[in-house]
Amino acid sequence: MLALVKKAVRGDTEAFLQLMDMHKPAMLRIAHAYLSQEADIADAMQDTILDAYEHLSSLKEPRYFKTWLIRILLNNCNHIYQKNKNIISLEEISDTISDTAQDVDTPLFKFKELLSCVSEENRLCFQLYYGEELTTREIADLLQMNESTIRSRMHREKLRLKTILMKNGYVSSTGKEGAFS
């Protein structure tokens, strides 16, 4: 992938498109964790690809391409979220209704359901850590926070989630069955 990034930085459009194809699933998962409406997610994705293409020459270290790309995505998601945070559309309401018709036994549904229990403040950290498998150091860099803050938030949220899961019978009081023990 490093060679592909270097080619893209040198102006190879095909290499850039390949990079976008490689990172599209991760970008979509992150945008879904941040935004709720498909149109907003599509806008964030489009803006991110355009911004990345226009500012590719500003990438200082090719090995940090994914982190750099996610930072652009987060900035775009935040901009869209702030712009639309007081708006509830009919599409969002109908999406909520249609979500209940999904197969609830799929791992993706279970992960989305679990993410919905995570506080809004910590949801993005959880998505980046568990969904994208970034380290707490990488998350701290992306969110421009101290790594210890990320770790303590994750710890407190895991304890809160464990309590919720115990109340609903998913984890015993010993905590040995759950992923958060």
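The values are calculated or read from the model by the stated rules, or taken from the named source; none is laboratory data. Here the structure is a predicted model, which is why all the values come from computation and not from measurement. Here the Cβ is made from the backbone with ideal geometry for all residues, glycine too, and neighbour counts use every protein chain on show. The accessibility values were calculated without ligands, DNA or RNA, using every heavy atom of the protein model including side chains. Shrake-Rupley method; radii C 1.70, N 1.55, O 1.52, S 1.80 Å.
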Q: Determine, yes or no, whether ASP95 is surrounded by 12 or more Cβ atoms within 10 Å (Cβ to Cβ) and modelled with pLDDT under 80.
A: yes
**Q.** Qualifying position, being exposed (fewer than 15 other Cβ atoms within 10 Å of the Cβ), among the basic types (Lys, Arg) and part of a helix (DSSP H, G or I), among LYS66, LYS60, LYS24
**A.** LYS24
**Q.** Every residue from the range 1-21 that is small (Gly, Ala, Ser), open to solvent by 30 Å² or more (accessible area, probe 1.4 Å) and at negative phi
**A.** ALA3
Q. Do we have ALA52 as buried (at least 18 other Cβ atoms within 10 Å of the Cβ) and at pLDDT 90 or above here?
A. yes
Q. What number of residues within the range 142-181 satisfy the criterion of being polar (S, T, N, Q), at pLDDT below 70 and open to solvent by less than 70 Å² (accessible area, probe 1.4 Å)?
A. 1
Q | Residue in the range 102-139 that is modelled with the highest pLDDT, counting only those that are surrounded by 12 or more Cβ atoms within 10 Å (Cβ to Cβ) and of a type in the set (Asp, Glu) | A | GLU138
Q | Some residue of the range 37-52 being touching a residue at least 24 places away in the same chain (Cβ under 8 Å), in a loop (DSSP other than H, G, I, E, B) and farther than 19 Å from LYS6 by Cα | A | yes
**Q.** Any pair with Cβ under 8 angstrom, 6 or more apart, that starts in the range 9-28 at a residue that is in contact (Cβ under 8 Å) with a residue 12 or more places away in the chain and ends at one that is outside any helix (DSSP H, G or I)
**A.** VAL9/LEU59; LEU19/MET1; MET22/MET1; ALA26/GLU132
